[in-house]
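Comments concern the structure below.
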Amino acid sequence: MAFDYKPGNTIFHRLDPRTKILFYIVVMLCVLLFSDPLFIGCVLAVIFMVLKISQVEWSKIWGFLRTVAFPTVVYALFTLLWGFHSNDYILFDFFYFPVSVDGIVYTLGSTIRFLCILLSLRAVLMVTSIKDMILGLVKLGMPVEFGIAFTSGFAYLPVMMDETEKIRDAQRVKGWNLKGNPIKRMRALLKLMIPAIMRGIKRSGDIALALESKGFGYDIRGRTYLTEVKFTKLDYAVCGVLVAAAVFSLVIGHWGLRIADYETSLDLLVHALGINR
């Protein structure tokens, strides 16, 4: 699953979930302020370093990259053909769409940014349990009701997938198949979706009844937790590094000196290729 948690005792596993949330926010800030593929590539390298130190199996990372490969290629192609380009460095036309050197550089940076956004979230979820993540969000001010809803939703996903598989097997015994034209496929999907939705509604009612029977609505603001999260010296040190990285990205990013704009790699590539305006 996209949010499967790998238990461990590495540095990043021991961090407070709020520190990991800050890590994701800083990564988002960096990749949104940078457009140069070299600088965004450094952010991607940091994410891979976090995964390596967290002892995440390469097979899981590779499987995730294969999953997002098709949307990444489509995103890169659309960015290259319909995204930014200038008339100064046109190389050729691709079915009436101009392809330029600066367009290629900008597309490379945008594609790496896309991977950073997906992979950083994947990294955080692989070293943080859903329970700790929701607890961290509640500590940051998210309403407890939302925390319970998110926790129940994430916990129910494996159950829902298992029940959907059982419904699919039962329908196959009755001659169900997903073949034919789009209309036949839609009708076949309805025979799968309706029982799954009805089971989901029934289970939601059971969960609500269980919460009410345990007095969930009583003094919800003053409730305690089985496990508490708190900052340690390691968290303060990592947060200091993350804040420094955020300030550095603001200084060299699009709102600052613009050193991390795509023109940096563009100038290097233009000089290397000997292209004149």
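Remarks
- Distant-in-sequence amide contacts of S35, defined by a placed amide H-H separation under 5 Å and a gap of 5 or more residues or a different chain, comprise D261, Y262.
- Packing around the peptides 14-25, 205-216, taken as the average count of other Cβ atoms within 10 Å per residue, puts them in this order, highest first: 14-25, 205-216.
- Zone residues, the stretch 26-47, relative to L257, backbone N less than 19 Å from point 7 Å out along Cα-to-Cβ: 30-43
- Gaussian network model of the chain, Cα within-10 Å springs - most flexible of I40, I53, I134: I53
- Extents of the chain, largest first, come to 73, 60, 32 Å (Cα atoms, principal axes, whole angstrom).
- Lysine pair count for the stretch 135-222 [Cα-Cα under 18 Å; pairs on different chains or 8 or more apart]: 7
- Two-decimal ratio, the stretch 135-222, of alpha-carbon radius of gyration to 2.2 N^0.38 Å: 1.50
- Close amide H pairs (under 5 Å, H built 1.01 Å from N) link S100 with L91, residues at least 5 positions away or on another chain.
- Its Cα centre serving as origin, the stretch 135-222 has a Cβ charge dipole (Lys and Arg +1, Asp and Glu -1) of approximately 700 debye.
- Under the span-like rule (Cα at least 27 Å along the axis, Kyte-Doolittle mean at least 0.0), DSSP H helices of the chain: 101-126, 144-173, 182-213, 233-252
- Counting neighbouring beta carbons within 10 Å and listing from fewest to most, the residues L192, L257 come out as L257, L192.
- In this calculation the C-beta distance from F146 to M198 is compared with R0 = 30 Å, giving a FRET efficiency of 0.75.
- Structure remark: mean-square fluctuation, Gaussian network model of the chain, C-alpha springs under 10 Å; the largest value among V105, V229, V173 belongs to V173.
Read the figures in this text as sums done on the coordinates, not as results from a lab. Fair warning: this is a prediction, and the values are worked out from it, not measured in the lab. A quick note on method: Cβ atoms are made from the backbone with ideal geometry, for glycine too, and the neighbour counts reach across all protein chains shown.
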